[in-house]
Amino acid sequence: MKTQIEDSWIKVTEKLVGWFDTLILNVPNMLVAVLLFWCSYWIASHLHSAVDKYLHKIIKQASIRTLIAQFVAFIIISIGIILALSVLNLDGALKSILAGAGVAGLAISLALQGTLSNTFSGIFLAIKKEVNIGDWLETNGYAGKVIDIDLRNTKIKEADNNIVVIPNKIILDNPFKNYGLTKRIRCTITCGVSYNSDLDEVKKVAVSSITQSFPAEPEFPIEFYYTKFGGSSIDFMIRFWVNGQKKLTALNVKSEAIKQMNNAFNRNDIIIPYPIRTLITKDQ
């Protein structure tokens, strides 16, 4: 019994001594590993701030800037951990960690497939600048001003002040109209004048009224066309361009143009007729 205890104690002592010797021999490697990890952490923290500052110039959405900066920092720290483990000769542990991370990453990606898709769609929309905060957007049956773009959704405020939350993937996978992608908006007004009107004079007065309020540029002239003989009028269409990036701008401009044209017609005795119906009755 005593011999067995002595043998066990010797084995434990030898194991502890071996571990101690290994620890002493690996002290330089441990110091190098700690230094590598600290350097990677220092680089990641400073790079995080630098990336966020740089992205601020091209991406307005803070949540997306933060995600990209954190991803870059994560990559740098991961590289530091891998190098530290390699210095410590823990290649087996490193392979196990990478294998486990691969399996875990696959499981997480499958579980969060919809969320990840919306996240990457949001990043794509922000980087490509196809949708920006303040733009007037029409998509998936909704129309309104974009007030926020986060990692999952785009929020738009409709004309009735309701907030609509639309997943980023739905916006990216479907056609949408963004009034903020162009600086010029074309307005179209249709009207009709009496059959007794001087059509040349009508055109002159209509174009002049639009020009006074909304001067035309050489590459964007005012267009005037007579379109048809209506039931009680000769109908025409006038089209012109204005600066604007919102649908509301087009509505305001159209309203102002109609007022100006109506006043000009009144001053020049140009009649805008209205339908007249004649009722004929028979005596019983």
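The values are calculated or read from the model by the stated rules, or taken from the named source; none is laboratory data. For clarity, every value in this text was computed on a predicted model and none was experimentally measured. Heads up, the Cβs are rebuilt from the backbone with ideal geometry, glycines too, and the neighbour counts pull from every protein chain shown.
Miscellaneous remarks
- Scanning the stretch 208-239 for residues that are outside any strand (DSSP E or B) and more than 40 Å from the chain's Cα centre (by Cα) yields Ser208, Gly230, Gly231, Ser232, Ser233.
- Conditions (1) hydrophobic (A, V, I, L, M, F, W, C); (2) more than 18 Å from Ile271 (Cβ to Cβ); (3) out of contact with any Leu (no Cβ under 6 Å at 6 or more places or on another chain); number of the one not met by Ile234: (2)
- Being assigned by TED's automatic domain parsing to the domain that holds Leu35, crowded, with 16+ Cβ neighbours inside 10 Å, at pLDDT below 70 and closer than 27 Å to Tyr41 by Cα holds for only one residue in Leu98, Leu94, and it is Leu94.
- Residue in the stretch 134-173 that is nearest to Ser121 (Cα to Cα), counting only those that are among the charged types (D, E, K, R) and in contact with a Phe, Trp or Tyr (Cβ under 9 Å, 6 or more places away or on another chain): Lys169
- One residue stands out among those in the stretch 263-284 that are farther than 17 Å from Asn196 by Cα and at pLDDT 85 or above: the one that is surrounded by the most Cβ atoms within 10 Å (Cβ to Cβ), which is Ala264.
- So Ala250, is it at pLDDT below 85 and either buried (at least 18 other Cβ atoms within 10 Å of the Cβ) or not in a loop (DSSP other than H, G, I, E, B) (or both): yes
- Filter result for Ile149 (free of Cβ contacts under 8 Å to residues at least 60 places away in the same chain, among the hydrophobic types (A, V, I, L, M, F, W, C) and within 30 Å of Ile58 (Cα to Cα)): no
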